[in-house]
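K.L.:
Quick one: the structure is below, and I'll ask about it shortly.
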Amino acid sequence: MSNQNLASGIANRGALARMAGKDIFAKTAAWTLTDEARAMGMYPYFRALDMNQGPEAILEGKPVVMFGSNNYLGLTTHPKVREAAAKAIMEYGPSMTGSRLVNGTLRLHHVFEEKLAHFMKKEAAIVFTTGYQVNLATISGLLSSKKAVAMMDRQVHASIYDGVRLAQANGAQMVRFHHNSAEDLDKRLAALAEDEGALVLTDGVFSTEGEIADLKGMVAATKKHGARIMVDDAHGLGVLGEKGRGVCDHLGVQDDVDLIGGTFSKSLASIGGWLVGPRKTLDYIQHFAPSFMFAASCPPPSVAAAMAAFEIMQEETWRIEKVRENARYMRDELRKMGFETGPTDTAIVPIYVRQELTTIAMWKALLEDHGVYVNPFIPPGVPPRNSLLRTSYMATHEKHHLDRGLEAFRAVGKQFGLIPG
Ligand SMILES: Cc1ncc(COP(=O)(O)O)c(C=O)c1O
């Protein structure tokens, strides 16, 4: 298999996986692409880390500088976060072995919900098991008839797409507006029938590109047409806004956005999800979303760790400043070298490569020749011609980590002709 076939094969894995056959397992045996990619050392996914201490990690026995994590505030190694998780596991055990609806709610969940709602300046909050579940449950719970429209940005996270697909199973419609275009949103809302109601859905910070959504424009269009808006702020919490309150605060639309959701798996150094908004709406969701009602609750150590991280985020505000400073430094230096980084002003700095095979080859060179860990994104994870290396930064990256990364990006960028030699 040539490298070119390999790259297009990885890119077309969706099409390969749809290979027909009466036995639905037949396609899995016929699909050898990943085996071949692994054999060639060109397979970037599911690689096992032996150790992960924030900016430094060990991948398959080899030390690496980590530029591929969402540990934005560097809190996975904070002693108070680790102690909170350890204490909760001893006090309550590793799992509630039940859903929030029945035996899975601890007082701890409610305490954190009150803190989240207060901090986010909303009436109420719900703690979910993952950020993915937040979107599945909220969107499918709220959009449940033919007259309900999921009005979504084209480039939202997969979990929003899946939430909308579930809503479609209830009869709801999906309408997509041009990426980050409040103007197109306005047009599409205007085109809805009088009796159709829309929930506008967008990432606050687009998770691959690090681009900030035009929420001011989107909120204006939403209000003009009497619709509602939900923002997924997975990548804004802890990075943007006062005390890390997130993208809505950063853009001055905290009060105008109806629902804000996110995850514990990035700045909050844990796993779980959160949603804030009007009390009645949240109460409705928690009674009409099977993906929330019939899934086990966020485990006690995860809730306790996230809550400790949430407190530290507000106390140690230097972390918020530092992650922004680190990302800006990297973005500016990469741009000076001649890399295309797109319109990011967050902790995510993409390096656009555009070509799938070159993206994978650069990922491999960075990792194997320079010990630098980044995440390659190729279609269908990104639109065609948008292949990129996604780099992301932490408050705990020190200058020497960043400069080591820059040296590696310069060398590999020149090697592959992405920047001038
Ligand atoms: C924008 C966005 N929403 C939702 C999620 C899902 O969050 P979780 O990892 O908590 O399921 C992610 C995580 O990758 C994300 O980037």
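The values are calculated or read from the model by the stated rules, or taken from the named source; none is laboratory data. Everything numeric here is computed off the predicted structure, so don't read it as measured data. With ideal geometry, Cβ positions are generated from the backbone for all residues, glycine too; neighbour counts draw on all protein chains shown.
K.L.:
Suppose we keep only residues that are more than 12 Å from the ligand (Cβ to nearest atom) and assigned to a strand (DSSP E or B) within region 261-283. Which one would you say is surrounded by the most Cβ atoms within 10 Å (Cβ to Cβ)?
P.N.:
VAL276
K.L.:
Continuing with the same structure: Being in contact with a strand residue (DSSP E or B) (Cβ under 7 Å, 6 or more places away or on another chain) and hydrophobic (A, V, I, L, M, F, W, C) is the filter; apply it to region 376-408 and report the residue that is modelled with the lowest pLDDT.
P.N.:
Residue satisfying both the conditions and the ranking: VAL382.
K.L.:
Answer with yes or no whether VAL247 is within 29 Å of GLY68 (Cα to Cα) and surrounded by 23 or more Cβ atoms within 10 Å (Cβ to Cβ).
P.N.:
Details: within 29 Å of GLY68 (Cα to Cα): yes; surrounded by 23 or more Cβ atoms within 10 Å (Cβ to Cβ): yes.
Yes: the conditions hold for VAL247.
K.L.:
Counting residues that are within 16 Å of the ligand (Cβ to nearest atom), touching a Leu at 6+ places or on another chain (Cβ under 9 Å) and in the same structural domain as ARG245 (by TED's automatic domain parsing), which helices (runs of 4 or more DSSP H) fully inside region 57-165 reach at least 2?
P.N.:
131-142
K.L.:
Output the qualifying pairs, or none if there are none: Cβ atoms under 8 angstrom, residues six or more apart or on different chains, first residue in region 342-357 and in a loop (DSSP other than H, G, I, E, B), second residue of a type in the set (Asp, Glu).
P.N.:
GLY342/GLU209; GLY342/GLU211; PRO343/GLU209; PRO343/GLU211; THR344/GLU209; THR344/GLU211; THR346/GLU211
K.L.:
So, one more: Look at MET293 and say whether it is away from the ligand (no atom under 16 Å from the Cβ) and aliphatic (A, V, I, L, M).
P.N.:
Values: away from the ligand (no atom under 16 Å from the Cβ): yes; aliphatic (A, V, I, L, M): yes.
It is true that MET293 is away from the ligand (no atom under 16 Å from the Cβ) and aliphatic (A, V, I, L, M).
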